[in-house]
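A.B. asks: Would you mind keeping the following structure in view while I ask a few things?
Each reported figure results from applying straightforward, stated rules to the coordinates on display, with no laboratory input. Source: prediction; values computed, not measured. So basically every Cβ, Gly included, is an ideal-geometry build from the backbone, and we count neighbours across all protein chains shown.
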Amino acid sequence: MHPLLKRAALATEPLWDPLWIALYRARHGYRAPIPPFTNRDRIGARNVGWFVEGGRLDYQTFRQAIERHTADPLPALSVLDFGAGGGRILAHFAGHESANGWRLAASDVDPTAIAYLRRAWPQVDSRVNASEPPLPFEAGRFDVLYAFSVWTHLPPEAQARWLAEAGRVLRPGGLALITTLGFYGLELLSHSAAPLEAEWWGVSADDLRRQGVIYHEYAVLGQALPEKELFSGIQGSYGVSVHDPAYVRRAWADQGFEVLEIIERAMHGHQDLIVLRRG
Ligand SMILES: C[S@@+](CC[C@H](N)C(=O)[O-])C[C@H]1O[C@@H](n2cnc3c(N)ncnc32)[C@H](O)[C@@H]1O
């Protein structure tokens, strides 16, 4: 499609969106809150069905990992969704909350996401955080922190600072569930037609094995383009990071965590899941 036509189609999308949401609800009997188009666009989940069903799959994968690694009954857990965006995954934890009694919190750099979460899920303690630590939560508060596709966007130095911060807000023995892009993610990026991902063309699996982690900042960040709108609240460098699981096993264990599991493509066949226990 011509770029101008594409831009026009995108500009009218928010007008049609309530109709897509209503149709989805009618077809699937789904009653829980669904964020508006602009919030979903910022987390790469424009499609309503994908937002709900992809979120449910990722919720199930996280939940099963929590159940594998904690002896505590789930209702007793205090859980943080770090980089929660429009609550794609949080919605499924929160939907079970009344039955299970999880104590849920969420944070994100994007104030529009947090404003939405506060309206949609008032029982969740949702807070805006800055692009750099600390989080606005006290030390040792959480049993579990999960983060879907946040480390996939941070530069390596910021990843280390945020890993230390995850350790601070977790109680000793608490779990961090973090997703990364691994070799499969690299395969997709290196064949992507998206101009936003042009830096990845030609990056090979051998490059990743040699370097351990590879990061490229989004070129649009430094330019006056409408795509910058997607990065609400982001300060400093932001882009795409890809991790070799073998590197994660070595490097993240040096940062006060025991690496319990690395499951390649665990997140609906796409991102890798890293499960860490705070020492
Ligand atoms: C790809 S989206 C994923 C959103 C959500 N986790 C999901 O799975 O739908 C990445 C999210 O991380 C947030 N984010 C990026 N850097 C962050 C940081 N330093 N602290 C908190 N959130 C951050 C973005 O604002 C965005 O909502």
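A.B. asks: Please state which of the following conditions GLU138 fails to meet, knowing it meets all the rest: (1) over 16 Å from the mean Cα position of the chain (by Cα); (2) within 14 Å of the ligand (Cβ to nearest atom).
C.D. replies: Result: GLU138 passes all but (2).
A.B. asks: So for region 115-122 (the condition being farther than 17 Å from GLY233 by Cβ, more than 11 Å from the ligand (Cβ to nearest atom) and surrounded by 15 or more Cβ atoms within 10 Å (Cβ to Cβ)), does at least one residue qualify? Steps first, please.
C.D. replies: At the first step, the residues of region 115-122 found to be farther than 17 Å from GLY233 by Cβ are 119-122.
Narrowing the set further to residues that are more than 11 Å from the ligand (Cβ to nearest atom) leaves 119-122.
This time we only want the ones that are surrounded by 15 or more Cβ atoms within 10 Å (Cβ to Cβ), so: 120-121.
Yes, region 115-122 has at least one match.
A.B. asks: Give me the helices (runs of 4 or more DSSP H) completely within region 1-115, filtered to those with at least 3 residues that are in contact with a His (Cβ under 7 Å, 6 or more places away or on another chain) and closer than 28 Å to LEU170 by Cα, ordered by residue number. Before you say what the answer is, go through the steps one by one.
C.D. replies: Numbers: elements: 3-28, 37-42, 48-69, 90-95, 97-100.
By residue number, 48-69.
Listed here are the residues, each with its yes/no results for (1) in contact with a helix residue (DSSP H, G or I) (Cβ under 9 Å, 6 or more places away or on another chain); (2) on the phi > 0 side of the Ramachandran plot; (3) in contact (Cβ under 8 Å) with a residue 40 or more places away in the chain.
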site: GLU13; (1), (2), (3): yes, no, no
site: ILE21; (1), (2), (3): yes, no, no
site: ARG31; (1), (2), (3): yes, no, no
site: ARG42; (1), (2), (3): yes, no, yes
site: GLY49; (1), (2), (3): yes, no, no
site: THR61; (1), (2), (3): no, no, yes
site: GLU67; (1), (2), (3): yes, no, no
site: HIS96; (1), (2), (3): yes, no, no
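A.B. asks: State all residues of region 174-187 that are touching a residue at least 60 places away in the same chain (Cβ under 8 Å), of a type in the set (A, V, I, L, M, F, W, C) and within 25 Å of ARG210 (Cβ to Cβ); if no residue qualifies, say none. Before the answer, list the steps.
C.D. replies: Filtering region 174-187 for residues touching a residue at least 60 places away in the same chain (Cβ under 8 Å) gives 174-185.
Cutting the leftovers down to of a type in the set (A, V, I, L, M, F, W, C) gives us 175-178, 181, 183.
Passing the criteria: ILE178, LEU181, PHE183.
A.B. asks: Which ranges mark the strands (runs of 3 or more DSSP E) fully within region 226-279 that have 3 or more residues being out of contact with any Leu (no Cβ under 6 Å at 6 or more places or on another chain) and surrounded by fewer than 19 Cβ atoms within 10 Å (Cβ to Cβ)?
C.D. replies: 257-267
A.B. asks: Any residue in region 159-173 that's within 16 Å of ALA251 (Cα to Cα) and touching a residue at least 40 places away in the same chain (Cβ under 8 Å): show its pairings with residues that are within 11 Å of the ligand (Cβ to nearest atom) and not in a strand (DSSP E or B) at Cβ separation under 6 Å, as long as the two are six or more apart or on different chains.
C.D. replies: GLN159/TRP151
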